[in-house]
Amino acid sequence: MEALEAIWILLLLLLAGALLAFGLYCCYLTYIHVKYDYIPGAPRASFFFGHLPIIWKMMKNQELLLDLFLQWAEEYGPIVRFNAFHRVSLLVLSPEGVKEYLMSPHYPKDRIVYERVSYMFGVRFLGNGLVTDRDYDHWHKQRRIMDPAFSRTYLIGLMGTFNDKAEELMKEMEEKADGETEVDVMNLLRRVTLDIIAKVAFGLELNTLHDDQTPFPHAVSMVMKGTAETRKPLFKYMPWNRKSVKEIQESMRFLRNFGKECIEERCRIIQNGEEAPLDILTQILKNAAQEGDYDDENMLDNFVTFFVAGHETTANQLSFTVMELARQPEIVMKLQAEVDEVVGVRRDITYEDLGKLQYLSQVLKEVLRLYPPVSGTIRWTAKENVIEGVKIPANTTLIFNTYLMGRMERFFKDPLTFDPDRFSKDQPRPSFSYFPFSLGPRSCIGQIFAQMEAKVVMAKFLQRFEFQVVPPQSFKISESGTLRPADGVVCRLRPRHQPGRGD
C-alpha cells in the first residue's frame, strides 16, 4: 500500500513538474512575443508554433517558401518578423541593412542554421570549412590560404580545361540534336560541371558525363537532399525516413573518404618532390605549407565544400539560363549574334573572348537576379541596432535574401520581367540589393571561377544549337539545398547553321 502511495506521489510530482515547465515555457513565449511584436510580420498561425503551420502546409504542397516570404516582404517590409516556437528571425530587406551586416566582419553566421550542415544526421559534412566557420579570425586564415588559388590570374590558366570539358558536353548533345530526341539538359549540365570542378580543382578525371554508373552524381544529389531535409526537425527520427537518412550519411562518408585519399596522395607527391598537377588543390596545399597552418579535417571540409558547391550552383544557374531563354527568342538571337561575332566557328574560347561577351554577361546576371541558386545568407547580431527606423534587438537571427530583393519593385522596375539590359553599363542599379554570391569579406570565393565556367559552357551551347523546351515546362522553382528548375530542363536540340560553318 505504501509503495502504491509512493508511486502516486511520484506521478503527481512529475505531473506538477511538467505543468510548471509548461507554464514557464508559456511565460517565456509570451515574453518573446512582447519583445518582438512591435516588428511588422504576418499574424502568427499558432501561439506555440508561430508561423510554422503555414510553412508546413506549403512544404506539404511542394510550394516554394520564398514566394510566401516575397508576399510578406511587399506587405510588411523592410524588416519582417518570423516566429518559430520561441525563436524569432528577422528578414532584412533593406540595402542599409545589407550594407551594415554583410559588409562588416563583426556579425557571424547563425550558429543553429550552419551547424545543420557542419554535421548532418550525425556525420561530419562541411565541418568547419569556409562556408560554415563562424570564427572570423580562423575563417580569415583559411581564406588567406585559398584566395591565390581562386585569383583571376590563376584561373586564366584553366581556360583549356573549361574548353575541353565543355566540348565533351557539346559532343554529347550533338549526338542527340535531331530535333526529336528529348534531352535532359539539366542532368547533362550537372554532370559536366562536376567533371570540371573535379579536374580543375583536384586533378581528377571523373568522366560522369559519359558514365552513368559513377557514384559521384548520386552522392552529391543525396547530400543536397540532406541539406533540405535537415530543416525538418523530426525527419531523421521518422521510421519511414531511415533509408533516406542512411543513404545521405553514406554519401557524406563516401565524399569525405574519397577526398581524404585524394589529399593524402597529393601531399605524398608534393613531399616526394614529384611533379604535381597544376590545379587548385596543389596551390592550396602549398600555400597551407608556407603558412604553417595545415589541418587534415579542415582541409577535407573545404574539399567537400568545393566539390559539392563548386558544381551544384553553376549547373543550376546554367539550367535556369536555358529554361528562361527558351521563352526569350529575341534575346537568344542577340546572344547568338554576339557569340558569332566574338567567337565565330572557333572551338576554343579565350579569356579575352569572355570580356567581349558583354550581352551574355548581362543575361547571366539577370538569371542570377531572378533565379539565384543560393538565395541568401544568415547572420547573428549580438548587439542592438536600428535599420530604417526599426529597432533590431540584440541576440537575433537575421536573414538576407537576394531572391526576395531581386523580385521587389522597390529595387528593380518590373521585377518579374526578364530584362538583361538592366545590367548594361549605362543603367544605374540600387546598391546592396543584388548579391547572388553574397557580399563583403565572406562573399563566395568561387564567383570568378563560376562565371568563367558558365560563360564558356553557355557560349558554346549558343554557338552550336537551336533549342526548345519540351512541354509542359512549368518554369517553377524548387528548393533542395539550392534553387533549381522544378521540372528539370528537358529540351529538343537542333544544330545551328552559322555563317562560315560548313554544316
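The values are calculated or read from the model by the stated rules, or taken from the named source; none is laboratory data. These numbers were taken from a predicted model, which means no experiment stands behind them. Note that we place each Cβ from the backbone using ideal geometry, even for glycine, and neighbour counts take in every protein chain shown.
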If a residue must be within 25 Å of the chain's Cα centre (by Cα), more than 20 Å from residue 260 (Cα to Cα) and free of Cβ contacts under 8 Å to residues at least 24 places away in the same chain, how many such residues does region 165-206 contain? 1
Return yes when residue 323 is more than 28 Å from the chain's Cα centre (by Cα) and at pLDDT 95 or above and no when it is not. no
Looking only at region 326-340, count every residue that is touching a residue at least 24 places away in the same chain (Cβ under 8 Å) and touching a Phe, Trp or Tyr at 6+ places or on another chain (Cβ under 8 Å) and tell me the total. 6
Whichever residue in region 153-211 is out of contact with any helix residue (DSSP H, G or I) (no Cβ under 8 Å at 6 or more places or on another chain) and among the polar types (S, T, N, Q) and, among such residues, is nearest to residue 309 (Cα to Cα): 187
Pair list, Cβ under 8 Å, 6 or more apart: region 472-487 residue more than 12 Å from residue 373 (Cα to Cα), other residue part of a strand (DSSP E or B): 473/490; 475/485; 476/485; 486/477; 486/478
Being of a type outside the set (D, E, K, R) and touching a Pro at 6+ places or on another chain (Cβ under 9 Å): is that true of residue 18 here? no
If you check every pair at least six apart or on different chains, which have Cβ atoms under 9 Å apart with a residue in region 235-263 that is under 30 Å from residue 279 (Cβ atoms) first and a residue that is of a type in the set (S, T, N, Q) second? 251/221
Every residue from region 465-478 that is within 24 Å of the chain's Cα centre (by Cα) and either more than 22 Å from residue 70 (Cα to Cα) or modelled with pLDDT of 90 or more (or both): 473, 475, 476, 477, 478
Cβ pairs under 7 Å, 6+ apart or interchain, first in region 13-40 and surrounded by 10 or more Cβ atoms within 10 Å (Cβ to Cβ), second modelled with pLDDT of 90 or more and assigned to a helix (DSSP H, G or I), ordered by first then second residue, are 40/76
Every residue in region 122-140 that is more than 16 Å from residue 396 (Cα to Cα) and surrounded by fewer than 18 Cβ atoms within 10 Å (Cβ to Cβ), please. 122, 123, 124, 135, 136, 137, 138, 140
Search region 213-226 for residues that are under 18 Å from residue 196 (Cα atoms) and pair each with any residue that is modelled with pLDDT of 85 or more and of a type in the set (Val, Ile, Thr) when their beta-carbon atoms are under 7 Å apart and the residues are at least 6 apart or on different chains. 214/208; 216/208; 217/208; 220/308
Surrounded by 10 or more Cβ atoms within 10 Å (Cβ to Cβ), in a loop (DSSP other than H, G, I, E, B) and not polar (S, T, N, Q): which single residue out of 96, 63, 100, 75 fits that description? 63
Complete set of residues in region 105-135 that are touching a residue at least 40 places away in the same chain (Cβ under 8 Å) and in contact with a Gly (Cβ under 7 Å, 6 or more places away or on another chain): 120, 121
Search result, residues across region 405-428 that are among the basic types (Lys, Arg) and over 21 Å from residue 387 (Cβ atoms): 413, 422, 425
When you look at residue 417, is it more than 30 Å from residue 186 (Cα to Cα) and either surrounded by fewer than 22 Cβ atoms within 10 Å (Cβ to Cβ) or free of Cβ contacts under 8 Å to residues at least 24 places away in the same chain (or both), yes or no? no
Can you pull out every residue in region 484-502 that is modelled with pLDDT of 95 or more and touching an Asp or Glu at 6+ places or on another chain (Cβ under 8 Å)? 489, 490, 491, 492, 493, 494, 495
What number of residues within region 40-71 are out of contact with any helix residue (DSSP H, G or I) (no Cβ under 9 Å at 6 or more places or on another chain) and under 15 Å from residue 402 (Cα atoms)? 1
